[in-house]
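S.K.: This is the structure I want to talk about, given as structure tokens.
All of the numbers you see were taken from the coordinates with simple rules; none came from a lab. The model shown is predicted, which means the values in this text are computed figures rather than measured ones. Heads up, the Cβs are rebuilt from the backbone with ideal geometry, glycines too, and the neighbour counts pull from every protein chain shown.
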Amino acid sequence: MRRLSRFLLVLLIAGSPMPALAKEASIAPGINSPYLKPSFEQWQSVFEAEGREVYAKRQAILAALKLKPGMTVADIGAGTGLFTRLFAPAVAPDGKVYALDISRDFIEAIQRQAQEQGLGNIVGVVNPVDSTNLPPRSIDLAFVCDTYHHFEYPQTMLASIRQALRPGGQLVIIDYQKVPGLSSGWVMGHVRAGKATVVQEIEMAGFRLIDDLPLLTENYFLRFEKLE
């Protein structure tokens, strides 16, 4: 009788509907509000200023990515298109660059600039805060520069990035070093997590850290590979 009771219990559990996974809550509500209706010229003067490390080191970053003709790259959080414009010639003629941003104004400006500069392999994508809006297995590299700390739903977004990557695809994260006593007060207050936490979150999402390049000082450069 005890065995029968256990068997019936297993049947009841197996036959019960599984509860839906809870939607990830925003971990930084409102952090992206300034970018929903931005002034392109104003933000370009911020993002593409010589005093910004990733702008000053943009050619070194480009070289470290080792892009090849024919690759498909997603510039996630493309902003004013700084890296999108650098990536496009590097993967031409058969490669493609997806410029992703939650700001329609940014994407429309990037597309205008691409047309003016004859960069026909740039595709603009206005994405929601929790998805890339890219097809599965459509990209070789996902590039996220000073944007990871703006992910309101990091696990949901990482799952979307992983789905968009082809087998063996890579994710590169560049973000601010957050070190008490060394980082600026702005970074300490604005940036959610330090490098160790970011690595842990991304590895939990199905990636493996394969490179931590000492290329930058104010930022870190991490390269991950998608695990199958």
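S.K.: Taking the Cα centre of segment 37-123 as the origin and placing charges on Cβ (Lys, Arg +1; Asp, Glu -1), which of 109, 64, 89 is farthest toward the positive end of the dipole?
M.R.: Result: 64.
S.K.: Moving on. Quote the convex hull volume per residue of the chain, based on C-alpha atoms, as a whole number of Å³.
M.R.: 160 Å³
S.K.: Angle between the Cα long axis of helix 104-116 and the longest principal axis of the chain, 0 to 90 degrees, nearest 10?
M.R.: It works out to around 50 degrees.
S.K.: Same structure, new question: Give me the dipole magnitude in Debye, nearest 20, for segment 69-173 about the Cα centre, with unit charges on the beta carbon: positive for Lys and Arg, negative for Asp and Glu.
M.R.: For segment 69-173, the charge dipole is close to 280 debye.
S.K.: Tally Lys and Arg at +1 and Asp and Glu at -1 over the other residues with C-beta under 13 Å from the C-beta of residue 174: what net charge comes out?
M.R.: -2
S.K.: If you find the alpha carbon centre of segment 69-112 and of segment 161-186, how far apart are they in angstrom?
M.R.: 18 Å
S.K.: Let me ask another. Taking the Cα centre as origin and putting +1 on Lys and Arg beta-carbons and -1 on Asp and Glu beta-carbons, what dipole magnitude results for segment 33-226, to the nearest 20 debye?
M.R.: Roughly 400 debye, rounded to the nearest 20.
S.K.: So, one more: Applying the Karplus parametrisation 6.51 cos²θ - 1.76 cosθ + 1.60 with θ = phi - 60° to the phi angles of segment 63-79, what ³J(HN,Hα) value in whole Hz is obtained for each residue in order, glycine and proline being reported as x?
M.R.: Whole-Hz 3J(HN,Hα) from phi for segment 63-79: 5, 5, 6, 6, 5, 10, x, x, 6, 10, 10, 10, 8, 8, x, 5, x.
S.K.: Over segment 92-226, one equal point on each Cα, no solvent: what is log10 I(q)/I(0) by the Debye formula at q = 0.10, 0.13, 0.15, 0.17 Å⁻¹?
M.R.: -0.36, -0.61, -0.80, -1.00
S.K.: Just to check I understand the Karplus step: with θ = phi - 60° and J = 6.51 cos²θ - 1.76 cosθ + 1.60, what whole-Hz values come out for segment 166-181, glycine and proline as x?
M.R.: 6, x, x, x, 10, 10, 10, 10, 10, 8, 5, 5, 10, 10, x, x
S.K.: In whole Hz, with x marking every Gly and Pro, tabulate ³J(HN,Hα) for segment 49-60 from phi via Karplus 6.51 cos²θ - 1.76 cosθ + 1.60, θ = phi - 60°.
M.R.: 9, 4, x, 8, 4, 5, 6, 4, 9, 4, 6, 5
S.K.: Would you mind checking the tilt of helix 154-164 against the longest principal axis of the Cα atoms of the chain, expressed as 0 to 90 degrees and rounded to 10?
M.R.: Between the helix axis and the principal axis of the chain, the angle is about 80 degrees.
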